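Sharing a structure with you now.
The values are calculated or read from the model by the stated rules, or taken from the named source; none is laboratory data. Computed from a predicted structure; not experimentally measured. Cβ: placed from backbone, ideal geometry, glycine included. Neighbour counts: every protein chain shown.
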Amino acid sequence: MNAIQKYFKYRQSLIDQYMKGDMNKREYLEKNYNAVVYGNIGPFSNMDTVEKALFNYQYFNALAKEQKSISTTKDMDYELKRDFLEHSNYYYKKKDKATQTVLRMLDYRGTEAYFVKVHSKYLKGKLFEIVIENADIILHSTSPFILKNLREEGVFSEESRKSLIDEYVNHRY
């Protein structure tokens, strides 16, 4: 088992603990963040395998969420808050690059995507879920570019659906 496989096995154990209620979403995000950032695995500049691209997706998603979370600190200077949000958006763009790499590598085979029913007014009609059934992969994005590609490939359904991981998606942290 290589380092990436070990990370994904550990991540699955974190998900299982979260689903059982042994940890809350914030604890899950913190442990996952520590695993991807301090695990000495990536990120990979050359995403030449689906596995590497999926790791980059997790890596940049964790960084983006962490920066966004820091930006919500009360009494933070506006300029500093803006800097954290800019970093968050930068990492989300890097995550979207990894998403696009996965989709291209799999040639959109077995892919289905749709908007997710969310509690957040900000994310309503923006957040979509990408399910790659034959690889048991669930990804999320708000990228207009990825949305356009999914539509062009004929794998995007315009209806809103409950997320396959609704408890996680709609739970605040």
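Just one of the numbered conditions (1) surrounded by 12 or more Cβ atoms within 10 Å (Cβ to Cβ); (2) over 16 Å from the mean Cα position of the chain (by Cα) is not true of Gln5; which one?
The single condition Gln5 does not satisfy is (1).
I'm checking my understanding of the structure. Among residues of region 1-21 that are without any contact (Cβ under 8 Å) to a residue 60 or more places away in the chain and touching a Phe, Trp or Tyr at 6+ places or on another chain (Cβ under 6 Å), which one is farthest from Tyr59 (Cα to Cα)?
Step by step, filter region 1-21, then rank; the result is Leu14.
Could you check, for region 80-91, whether at least one of its residues is modelled with pLDDT of 95 or more, outside the structural domain of Glu167 (by TED's automatic domain parsing), surrounded by fewer than 18 Cβ atoms within 10 Å (Cβ to Cβ) and within 17 Å of the chain's Cα centre (by Cα)?
Within region 80-91 (the criterion being modelled with pLDDT of 95 or more, outside the structural domain of Glu167 (by TED's automatic domain parsing), surrounded by fewer than 18 Cβ atoms within 10 Å (Cβ to Cβ) and within 17 Å of the chain's Cα centre (by Cα)), the answer is yes, since at least one residue qualifies.
A further question follows. With region 105-172 as the region, which strands (runs of 3 or more DSSP E) entirely inside it contain at least 3 residues that are within 20 Å of Ala62 (Cα to Cα)?
Strands (runs of 3 or more DSSP E) meeting the threshold: 128-132, 137-141.
Something else about it: So, in region 54-79, exactly how many residues are of a type in the set (S, T, N, Q) and either over 12 Å from the mean Cα position of the chain (by Cα) or modelled with pLDDT under 90 (or both)?
Initially, region 54-79 is screened for residues of a type in the set (S, T, N, Q), giving 56, 58, 61, 67, 69, 71-73.
If we keep only those that are either over 12 Å from the mean Cα position of the chain (by Cα) or modelled with pLDDT under 90 (or both) too, we end up with 67, 69, 71-73.
The number of residues fulfilling the criteria is 5.
Residues that are more than 25 Å from Ala135 (Cα to Cα) and in contact with a helix residue (DSSP H, G or I) (Cβ under 8 Å, 6 or more places away or on another chain): does region 13-25 have at least one? Before the answer, list the steps.
First, pick out the residues of region 13-25 that are more than 25 Å from Ala135 (Cα to Cα): 21-24.
Imposing the further condition that a residue be in contact with a helix residue (DSSP H, G or I) (Cβ under 8 Å, 6 or more places away or on another chain) reduces the set to 23-24.
Scanning region 13-25 turns up at least one residue that is more than 25 Å from Ala135 (Cα to Cα) and in contact with a helix residue (DSSP H, G or I) (Cβ under 8 Å, 6 or more places away or on another chain).
Note down all Cβ pairs under 8 Å where the first residue falls in region 139-153 and is in the same structural domain as Leu164 (by TED's automatic domain parsing) and over 16 Å from Val118 (Cβ atoms), the second is of a type in the set (Gly, Ala, Ser) and modelled with pLDDT of 95 or more, and they're at least six residues apart or on different chains.
Close Cβ pairs (under 8 Å, with a partner that is of a type in the set (Gly, Ala, Ser) and modelled with pLDDT of 95 or more) amount to Leu150/Ala113.
Turning to a different aspect of this structure: Please state which of the following conditions Asn32 fails to meet, knowing it meets all the rest: (1) of a type outside the set (Val, Ile, Thr); (2) under 20 Å from Thr142 (Cα atoms); (3) under 13 Å from the mean Cα position of the chain (by Cα).
(2)
Test Asn24 against the stated conditions and say whether it is polar (S, T, N, Q) and in contact (Cβ under 8 Å) with a residue 60 or more places away in the chain.
Working: polar (S, T, N, Q): yes; in contact (Cβ under 8 Å) with a residue 60 or more places away in the chain: yes.
Here the answer is yes, as Asn24 does meet what is asked.
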